[in-house]
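Below is one structure, written out as structure tokens, with a few remarks after it.
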Amino acid sequence: MIKIAPSTLCADFRRLEEEALALVDAGVDCLHFDCMDGHFVENLTYGPIVLKALRELTDIPFDTHLMIANPDAQIESYAEAGADHILFQAETDARPVRLLNRIRALGKKAGIVYNPATPLGEFETILPAADIVMLMSVEPGAAGQKFMPVALDKIRVLREFIDREGLPTLISIDGGVNDETAPAIIEAGIDLIVTGSWFFNHPEGYAGAMADFRRMDAEHGRG
Ligand code: DX5
Ligand code: ZN
């Protein structure tokens with residue numbers, strides 16, 4: 001079953017505790033944290049302090065997306081704050097296998113993220129060290145953007161490689177996922193979907209959004 005990870009960036013920050021508990025009640029699989037430093041992307045959002053504040057509320061995995069210029073200097077802080085998945089952008093580190101191994105050595109799931117215009121490059125060398133590979137289907141920096149279909153071919157290439165090699169690496173997608181774009185994403189072989197604006201603005205609330213994703217998974221998924 002495909003895992004659904006709503007992005008807390010789209011939550012109501014006046015009521016973050018309530019929002020986190022409502023998301024857990026709705027049956028989401030992870031909480032996605034969009035940590036932006038104002039350097040790698042122009043936006044500045046939140047850091048370890050928000051993960052730490054929410055950590056005692058739930059034990060569902062915190063899927064932590066580091067849109068920061070120097071992830072190598074900060075992974076320990078996120079690990080200590082309660083991150084379960086720590087994902088860095090491929091564009092921010094020249095030695096990705098080393099950094100993935102460092103994240104794993106902290107006992108966390110290690111992930112690498114590729115922007116829409118970033119080629120997958122030497123993914124056959126990198127993926128054995130990665131628990132998650134995430135494809136951006138929007139340019140990072142904000143929620144509410146239009147899905148970029150360039151991610152679909154990347155999913156297919158990675159799906160074929162991971163299945164052929166029998167790797168446990170999960171393929172994740174992030175950006176512009178909604179009820180129109182999700183079917184093709186699911187058919188391409190995704191394992192984990194990050195969702196922001198569509199999920200948080202769903203007319204039937206979080207439970208309605210989850211029901212839609214579970215239905216689309218049943219209709220288009222690999223089972
Ligand atoms: C963008 C973030 C995404 C985004 C998802 O930089 O990494 O997680 O918030 O929001 P939507 O689903 O609205 O694109
Ligand atoms: Zn994200």
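Among the residues of segment 28-53, the ones that are within 26 Å of residue 217 (Cβ to Cβ) and open to solvent by less than 20 Å² (accessible area, probe 1.4 Å) come to 6 in all.
Among the residues of segment 126-144, those identified as within 10 Å of ligand 2 (Cβ to nearest atom) and not in a loop (DSSP other than H, G, I, E, B) are 134, 136. One residue stands out in segment 156-174 among those that are open to solvent by less than 10 Å² (accessible area, probe 1.4 Å) and within 16 Å of ligand 2 (Cβ to nearest atom): the one that is nearest to residue 125 (Cα to Cα), namely 171.
Could you say which residue among 80, 91 is open to solvent by 10 Å² or more (accessible area, probe 1.4 Å), under 18 Å from residue 140 (Cα atoms), assigned to a helix (DSSP H, G or I) and out of contact with any Gly (no Cβ under 9 Å at 6 or more places or on another chain)? The conditions single out 91. Of the residues making up segment 1-27, those that are surrounded by fewer than 18 Cβ atoms within 10 Å (Cβ to Cβ), farther than 18 Å from residue 197 by Cα and in contact (Cβ under 8 Å) with a residue 60 or more places away in the chain are 1, 25.
Within segment 137-155, the only residue that satisfies the criterion of being open to solvent by less than 30 Å² (accessible area, probe 1.4 Å) and among the polar types (S, T, N, Q) is 137. Count of segment 117-136 residues, restricted to those that are more than 14 Å from the chain's Cα centre (by Cα) and surrounded by 17 or more Cβ atoms within 10 Å (Cβ to Cβ), is 5.
Close Cβ contacts (under 6 Å, 6 or more residues apart or on different chains) running from residues in segment 195-214 that are free of Cβ contacts under 8 Å to residues at least 12 places away in the same chain to residues that are buried (at least 22 other Cβ atoms within 10 Å of the Cβ) comprise 202/209. Return the residue satisfying two criteria in turn: it lies in segment 165-223 and is over 30 Å from residue 129 (Cβ atoms) and part of a loop (DSSP other than H, G, I, E, B), and of such residues it is nearest to the chain's Cα centre (by Cα). Once the filter is applied, the top-ranked residue is 178. Across segment 180-199, the number of residues qualifying as within 20 Å of residue 139 (Cα to Cα), open to solvent by 10 Å² or more (accessible area, probe 1.4 Å) and out of contact with any His (no Cβ under 9 Å at 6 or more places or on another chain) comes to 4.
Every condition in (1) more than 16 Å from ligand 2 (Cβ to nearest atom); (2) at pLDDT 95 or above holds for residue 221 except the one numbered (2). When the criteria are applied in full, residue 100 fails the requirement of being away from ligand 2 (no atom under 16 Å from the Cβ), open to solvent by less than 40 Å² (accessible area, probe 1.4 Å) and assigned to a loop (DSSP other than H, G, I, E, B).
The values are calculated or read from the model by the stated rules, or taken from the named source; none is laboratory data. Remember, it's a predicted structure, so these values are computed and weren't measured experimentally. Reconstructed Cβ throughout: ideal geometry from the backbone, glycine too, with neighbour counts over all protein chains shown. Just so you know, the surface numbers come from the protein's heavy atoms only, side chains and all, with ligands and any DNA or RNA stripped out. Shrake-Rupley method; radii C 1.70, N 1.55, O 1.52, S 1.80 Å.
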